[in-house]
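Right, one structure below, let's go through it.
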Amino acid sequence: MGRVCIAILFAFLLTNRMFADDKLPAPGTVKELYANFDPRKDLLDTEVVKEWEEDNIVYRYVTFHIGTFKGQAARMAAFYGFPKGAKGTAGLLHIHGGGQRAFLNEVEFYAKRGYACLSINWGGREMENAQAGDPNTDWGTVDPTQQNVSGYFNLQPGEKYLDPIESARNNNWYLLTLGSRRGLTFLEQQPEVNPEKMGVYGHSMGGNLTVYVAGTDDRVKVAAPSVGGSGFRTQPWPLLPQQQKQTPNGDINLFNATLGFESYAPRIKSPLLWLGSTNDFHGIMDDTYRTGELIPHNDVRYAFTSHMNHRFTPEFAVTRSLWIDQFLKGAFTFPNTPASQLLLSTNDAVPVLNLSPDLSHPIEKVQIYYSIDPDPQARFWRSATATKTDQVWSARLPILSVDQPLFAFANVHYQLQKPETVPFAPPTNQFAISSLMHTATPEDLRLAGTRATDVADPLIDDFANHWQDWYTLSQDNPHHWEFSTRKLNDPKWRGQTGQRLALEVQVDSPNKLLVVLTENFFRSYRGKSAEFVAAVSLNGGKDPQNLRLLPQDFKDIHGELLTSWTNVDLLSLRAYYEKDGTLLGTKNWQGKQPVFRKLGWQAP
């Protein structure tokens, strides 16, 4: 018995020595970073805090052992659910986003689709419906949660970090990846789960972790990150050198080699779907494509909702569950990524995007987009007019100048055989996937002989295509609707000095319309972001009302006036505006939503 105890003690000390010997070199690659971690080695020591059944789904609130760091054990809390009586079902690991927590809704959604789903509470926020004294995630002597934000870009030693030398093990993402992979171990040890059929998905910071886990754990058979996991975080965008990227606290090359998503992508063996939004603040569209190119297989798809930030419309959101169904249940087959080609040398010197989508599903519509803005977060994506010839869709992409880059991609909307449910959204009878994105630099355009043939247009929108160039929030809510567009930051529709912003609108009842303009949205390199609001009284009645607004009609909550249209990136039409305790308009809109008929620029 004494020898056994000594052996256990020696193993414990050796494990902790890995994180305490400053003579050991810091891992320099992803492989080296995880070389000494076996996610199956330690006992899970699972505790079931609570178990209940509802609608033939078994739910469990559990905690399990993550590992021992600096001599203290760390435990993860999670929700686990599966169909009652399930045997050999596929297992899913859900990883929540920043500021969020384990989601019972996610567990319920996938359990009802026939999966065993585990939603881990890596951030340590109070669990849903937790009672006083219920255990939660406890990281012990380390803290990779958002209570330690600096740890996400840290390599240096410190009180809450593992190594006494500069090391990737001193980074939050390393610890969170270990905790997430222990979640896979939990899944594979459940009697309901087929360990050969496990997947991982997550949103935002959970999307980051999805890529980290997929790039380090061969047990993952399908991955579906959303708005997260795009690489090259420390590298400025080549066409926007003035944009400042966050730099790590430590050696940048070491960070990129061990924690950059571009270093994990070449290691991903599982099929991967990237769910994104074209203007996301976190999952950068351009960098997502760059990272995806490094995955060494063809089972990669993209689904980018146009104009949105950190959100998706139902036809894009549904792609995640369909993608998971394909590889864990064999219940769906995705079309190939639409084949696309950007032509710069054309007969009339106007660029053209050609698209040849996979025809394995009935096509509902094809949308081709292009932009001239090098900032992927703030750019406006123009809707191009596509024509179809022999199953090839083509669109001309006229530009105002050859001194700006050109970006283009397309979304293909397919019909579903039956409506599919989507979390937090109505069912959809469509799904949509994206083509690859094409980029042409100003040099590319000049060398190809491309000509600038486009002209500025004072008509911003006549709403004939409804909200085609906008994104909508709470569109069907009678009081909380919001309609927004980035169209004003495109030189084609940018306001000029002396012009008035003209809006034709009709409402049934007297109300106050809030027109909100945002300067320098995502463009900190150009100046401070600020919102300016015009609260316009609407008379109500059958006849439309014509509004004429100058920059000085807009002011921020401190009373500062807008001075120019030049740096306006975003225009929003809202029922009310609320910020820092100030409410403009009302949360009780009277009558039907307004009908917008025309938006444009007028001379004084």
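The values are calculated or read from the model by the stated rules, or taken from the named source; none is laboratory data. Please read these numbers as outputs of a predicted model, since none were measured by experiment. Cβ sites come from the backbone with ideal geometry, for glycine too, and all protein chains shown count toward neighbours.
Some notes on this structure:
- Residue in region 53-69 that is β-branched (Val, Ile, Thr), more than 30 Å from the chain's Cα centre (by Cα), surrounded by 15 or more Cβ atoms within 10 Å (Cβ to Cβ) and closer than 30 Å to residue 282 by Cα present: no
- Within region 425-445, being part of a strand (DSSP E or B) and either out of contact with any His (no Cβ under 6 Å at 6 or more places or on another chain) or under 15 Å from residue 373 (Cβ atoms) (or both) holds for 425, 426, 427, 428, 429, 431, 433, 434, 438, 439, 440.
- Of residues in region 474-503 being under 23 Å from the mean Cα position of the chain (by Cα) and in contact (Cβ under 8 Å) with a residue 12 or more places away in the chain, the one surrounded by the most Cβ atoms within 10 Å (Cβ to Cβ): 486
- Those residues of region 515-554 which are in a strand (DSSP E or B) and over 21 Å from residue 496 (Cβ atoms), in sequence order: 531, 533, 535, 536, 537, 538, 545
- Pairs with Cβ under 9 Å, 6+ apart, first in region 211-227 and over 12 Å from residue 272 (Cα atoms) and touching a residue at least 24 places away in the same chain (Cβ under 8 Å), second aromatic (Phe, Trp, Tyr) and part of a strand (DSSP E or B): 227/274
- Only a single criterion out of (1) closer than 30 Å to residue 222 by Cβ; (2) more than 27 Å from the chain's Cα centre (by Cα) is not satisfied by residue 156, namely (1).
- Of the residues making up region 555-600, those that are part of a strand (DSSP E or B) and β-branched (Val, Ile, Thr) number 3.
- Failed item, numbered, when residue 326 is tested on (1) more than 24 Å from residue 419 (Cα to Cα); (2) not in a loop (DSSP other than H, G, I, E, B): (1)
- The listed residue being aliphatic (A, V, I, L, M) and assigned to a helix (DSSP H, G or I), out of 162, 178: 178
- Among residues of region 205-251, those that are of a type in the set (Val, Ile, Thr) and assigned to a helix (DSSP H, G or I), counted: 3
- Restricting region 580-604 to residues that are modelled with pLDDT of 95 or more and farther than 17 Å from residue 536 by Cα, the residue that is surrounded by the most Cβ atoms within 10 Å (Cβ to Cβ): 601
- Among the residues of region 558-582, those identified as closer than 26 Å to residue 487 by Cα and without any contact (Cβ under 8 Å) to a residue 60 or more places away in the chain are 559, 560, 561, 562, 563, 567, 578, 579.
- For region 145-183, taking the residues that are crowded, with 21+ Cβ neighbours inside 10 Å and among the polar types (S, T, N, Q), the one that is farthest from residue 260 (Cα to Cα) is identified as 180.
Let's see how each residue does on (1) outside any loop (DSSP other than H, G, I, E, B); (2) more than 21 Å from residue 195 (Cα to Cα); (3) in contact with a strand residue (DSSP E or B) (Cβ under 6 Å, 6 or more places away or on another chain); (4) modelled with pLDDT of 95 or more:
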residue: 8; (1), (2), (3), (4): yes, yes, no, no
residue: 14; (1), (2), (3), (4): yes, yes, no, no
residue: 21; (1), (2), (3), (4): no, yes, no, no
residue: 24; (1), (2), (3), (4): no, yes, no, no
residue: 38; (1), (2), (3), (4): no, no, no, yes
residue: 41; (1), (2), (3), (4): no, no, no, yes
residue: 44; (1), (2), (3), (4): no, no, yes, yes
residue: 63; (1), (2), (3), (4): yes, no, yes, yes
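- Only one of the numbered conditions (1) surrounded by fewer than 22 Cβ atoms within 10 Å (Cβ to Cβ); (2) in a strand (DSSP E or B); (3) touching a residue at least 60 places away in the same chain (Cβ under 8 Å) is violated by residue 199, and that is (1).
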